[in-house]
Amino acid sequence: KANQSPLYMTQDRTEMSEDDDDQSPPSDLRSEPPCSSSSSAVDSTPNKSRNCISSSGTMTASQPFPDHVLENVLENVLQFLDSRCDRNSASLVCKSWWKVEALTRSEVFIGNCYALSPARLTQRFKRVRSLVLKGKPRFADFNLMPPDWGANFAPWVSTMAKAYPWLEKVDLKRMFVTDDDLALLAESFPGFKELILVCCEGFGTSGIALVANKCRKLKVLDLIESEVTDDEIDWISCFPEDVTSLESLAFDCVEAPINFKALEGLVGRSPFLRKLRLNRFVSLEELHRLLLGAPQLTCLGTGSFSHDNGAHQSEPEPDYAAAFRACKSVVCLSGFRELMPEYLPAIFPVCANLTSLNFSYANISPDMFKPIIHNCHKLQVFWVCILLDLCLHDSEGPVSELGLQAISEGCRNLESILYFCQRMTNAAVIAMSENCPELTVFRLCIMGRHRPDHVTGKPMDEGFGAIVKNCKKLTRLAVSGLLTDQAFRYMGEYGKLIRTLSVAFAGDSDMALRHVLEGCPRLQKLEIRDSPFGDVALRCGMHRYYNMRFVWMSACSLSKSCCKDVARAMQNLVVEVIGSDDDDDNRDYVETLYMYRSLDGPRKDAPKFVTIL
């Protein structure tokens, strides 16, 4: 990737995949299961013999009654189902399956925090130990959504504190989390083990200190691309003073100095630590000391990769290469903030084993890049933020079709790509579709609006058409450049597995969106901005919206009257019109539309700039 874009840039450059789409509506969270002719064959009475969780969080078991043997067998079978989609399907068979599936599900994923209430979650699933919860839509990462929109974690943690005292894991994304929320979490779950906050805001180092201090069994504390307020609290020192259970610690997004002596001691007391991602306030000299004490690391974020100006100049410089050489298990490498190129050869000893390399924060040149990539023979995931076609020896121009074609010719097993460029051709995109048929994610951002094939001057229709034709496994697509309705006709005709579609500055008319909504049966997430789609296009997808997670349309040609019609016709669909506080209530033009399915109706915490129709 060459630059950041409000439409295409993901939030976590290390975790490239967003493959978390549930391909079915949240039917497994219905208050009552569907009736089935097979329900009479299986006893729907609650199972007396299954394991139970006591108030202390321990598991107990009672003897089975003969009339519950079949249900006990079913429970043992369902425990082996890991896929959310499989579990959702199982819950729809009959009432007994619905009940047993709920009692055997320990992990719950909720892709939209407003799709249901916390009360429905705890009523439906009684034994949850792990929750993954998402809040704001992706455009919130790029200031396309006003602040204070919502997605508060408070109602969720307060409800779970009463229902799930045995909770072990919380994974939040784009949620508003306060220090009070973290305090309640730390106090309510004595066996809590994993906290992951991705693109979250509202909390500070005070809240993190409480988690570190009170969650004595903590294994994972990952703060990723989150906004963490500096409360001038020495949160690193709040971890237990004895041996810890830490396996992963990531705080590269924390823009505040840390107590390095405390960090060094913590790493030394954490024999199971495998992942460590440091912030830019950890110098290269300090990294050297950490590596000597933690050779077992497999995933490393280096923090700052430059000399500490405050170090004693008379002391000999450490052997950084030797420290990396001792870390024989490192397969994932990131960081490199404030990179000083003369120190980069220190990572050569670990290059041969790397499967993931992230240079997205590094100011790296072709001369620095090439000797490293030549030694990374096992590389599977690669991130870089550059302005040149580094994969070509004779190129000194901006990232273009030359780089894309070179990648497609050399990386035939490519499955996912996010590519920013200044210019592109249909021929290069077609070549990628032919050379890399295993692609599941293709995200191409041609910087600038409505840019055609820079050689022929024609729209980019045929290039994207080839992607959806030849890449049969494609599930995520982001399009850019000059596109007509023909490109969308290709998507509707061939994109049968597409679940996420991102569109910017594209299309001629409402017919373009109609092709997609009528032709892509598995579409879950639709993101559109600055495109000429209006009321006709919105109405043509009414048969699909209940089966989609959300639809986002900003700076299009929608009217409020049409949005009201959709809201009236689809009672379980929440239709939010988002605008600034000074918007004229009588204005019919809709600046931003956000629609999502919900089992519990409109939310109660909408701010003034959000109108729920």
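How about segment 234-254: which of its residues are surrounded by fewer than 17 Cβ atoms within 10 Å (Cβ to Cβ) and among the β-branched types (V, I, T)?
V243
Yes or no: V157 in a helix (DSSP H, G or I), open to solvent by less than 40 Å² (accessible area, probe 1.4 Å), touching a strand residue (DSSP E or B) at 6+ places or on another chain (Cβ under 7 Å) and more than 28 Å from S554 (Cβ to Cβ)?
In short, no.
Return yes or no: is P137 more than 18 Å from the chain's Cα centre (by Cα) and at pLDDT below 95? Can you show your working first?
On the way: more than 18 Å from the chain's Cα centre (by Cα): no; at pLDDT below 95: yes.
The answer is no for P137.
Show me the strands (runs of 3 or more DSSP E) found entirely inside segment 415-495 where at least 3 residues are over 16 Å from S400 (Cβ atoms) and modelled with pLDDT of 95 or more. Spell out how you get there, then give the answer.
Working: elements: 416-421, 441-446, 476-479.
In segment 415-495, the matching strands (runs of 3 or more DSSP E) lie at 441-446, 476-479.
Could you check A321 against (1) without any contact (Cβ under 8 Å) to a residue 40 or more places away in the chain; (2) under 22 Å from P240 (Cα atoms) and say which number it fails?
The number of the failed condition is (2).
So which residues in segment 214-233 are in a loop (DSSP other than H, G, I, E, B), hydrophobic (A, V, I, L, M, F, W, C) and either open to solvent by 20 Å² or more (accessible area, probe 1.4 Å) or touching a Cys at 6+ places or on another chain (Cβ under 8 Å) (or both), if there are any at all?
Applying the first criterion (in a loop (DSSP other than H, G, I, E, B)) to segment 214-233 yields 215-219, 225-227, 230-233.
With hydrophobic (A, V, I, L, M, F, W, C) added as a condition, the list becomes 215, 218, 233.
Hit for segment 214-233 is I233, nothing else.
Taking segment 483-505, which residues are out of contact with any Gly (no Cβ under 9 Å at 6 or more places or on another chain) and farther than 12 Å from I467 by Cα? Steps first, please.
The first filter runs over segment 483-505 and keeps only residues out of contact with any Gly (no Cβ under 9 Å at 6 or more places or on another chain), leaving 497-500, 502-504.
Result: L497, R499, T500, S502, V503, A504.
Out of segment 280-296, which residues are open to solvent by less than 10 Å² (accessible area, probe 1.4 Å) and under 16 Å from A321 (Cβ atoms)?
Correct list: L284, L287, L290, L291.
Would you be able to say whether some residue in segment 350-365 is among the hydrophobic types (A, V, I, L, M, F, W, C), more than 16 Å from F382 (Cα to Cα) and out of contact with any strand residue (DSSP E or B) (no Cβ under 9 Å at 6 or more places or on another chain)?
no
Do we have R568 as out of contact with any helix residue (DSSP H, G or I) (no Cβ under 8 Å at 6 or more places or on another chain), among the basic types (K, R) and at pLDDT 95 or above here?
The answer is yes for R568.
Of the residues L172, L185, which is assigned to a strand (DSSP E or B) and either aliphatic (A, V, I, L, M) or closer than 21 Å to D252 by Cβ (or both)?
L172
Within segment 441-492, how many residues are open to solvent by 40 Å² or more (accessible area, probe 1.4 Å) and closer than 24 Å to Q524 by Cα?
Within segment 441-492, residues that are open to solvent by 40 Å² or more (accessible area, probe 1.4 Å) and closer than 24 Å to Q524 by Cα number 6.
For every residue, the table says whether it meets (1) loosely packed, with under 15 Cβ neighbours inside 10 Å; (2) touching a strand residue (DSSP E or B) at 6+ places or on another chain (Cβ under 6 Å).
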{"site": "H543", "(1), (2)": "yes, no"}
{"site": "N547", "(1), (2)": "yes, no"}
{"site": "M570", "(1), (2)": "no, no"}
{"site": "T592", "(1), (2)": "no, yes"}
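Could you tell me how many of the residues in segment 270-300 are at pLDDT 95 or above, closer than 25 Å to R216 by Cβ and of a type outside the set (A, V, I, L, M, F, W, C)?
8
Considering P190, P146, which residue is closer than 21 Å to C238 by Cβ, open to solvent by 20 Å² or more (accessible area, probe 1.4 Å), in a loop (DSSP other than H, G, I, E, B) and not charged (D, E, K, R)?
Unique residue meeting the criteria: P190.
Checking E71 against (1) at pLDDT below 90; (2) within 23 Å of the chain's Cα centre (by Cα); (3) open to solvent by less than 10 Å² (accessible area, probe 1.4 Å): exactly one of these is not met. Which one?
Status for E71: all satisfied but (2).
In segment 88-106, which residues are more than 24 Å from G601 (Cα to Cα) and either open to solvent by less than 20 Å² (accessible area, probe 1.4 Å) or free of Cβ contacts under 8 Å to residues at least 40 places away in the same chain (or both)?
Within segment 88-106, A90, C94, S96, V100, E101, T104, R105, S106 qualify.
Can you name the residue in segment 516-541 that is surrounded by fewer than 18 Cβ atoms within 10 Å (Cβ to Cβ) and among the basic types (K, R) and is also nearest to the chain's Cα centre (by Cα) among such residues?
Filtering segment 516-541 for residues that are surrounded by fewer than 18 Cβ atoms within 10 Å (Cβ to Cβ) and among the basic types (K, R), the one nearest to the chain's Cα centre (by Cα) comes out as R522.
Could you tell me which numbered condition R120 fails, if it satisfies all but one of (1) at pLDDT 90 or above; (2) open to solvent by 10 Å² or more (accessible area, probe 1.4 Å); (3) part of a loop (DSSP other than H, G, I, E, B)?
(3)
The values are calculated or read from the model by the stated rules, or taken from the named source; none is laboratory data. What you are looking at is a predicted structure, and each value in this text was computed from that prediction instead of being measured. So basically every Cβ, Gly included, is an ideal-geometry build from the backbone, and we count neighbours across all protein chains shown. For accessibility, only protein heavy atoms count, side chains too; no ligands or nucleic acids. Shrake-Rupley method; radii C 1.70, N 1.55, O 1.52, S 1.80 Å.
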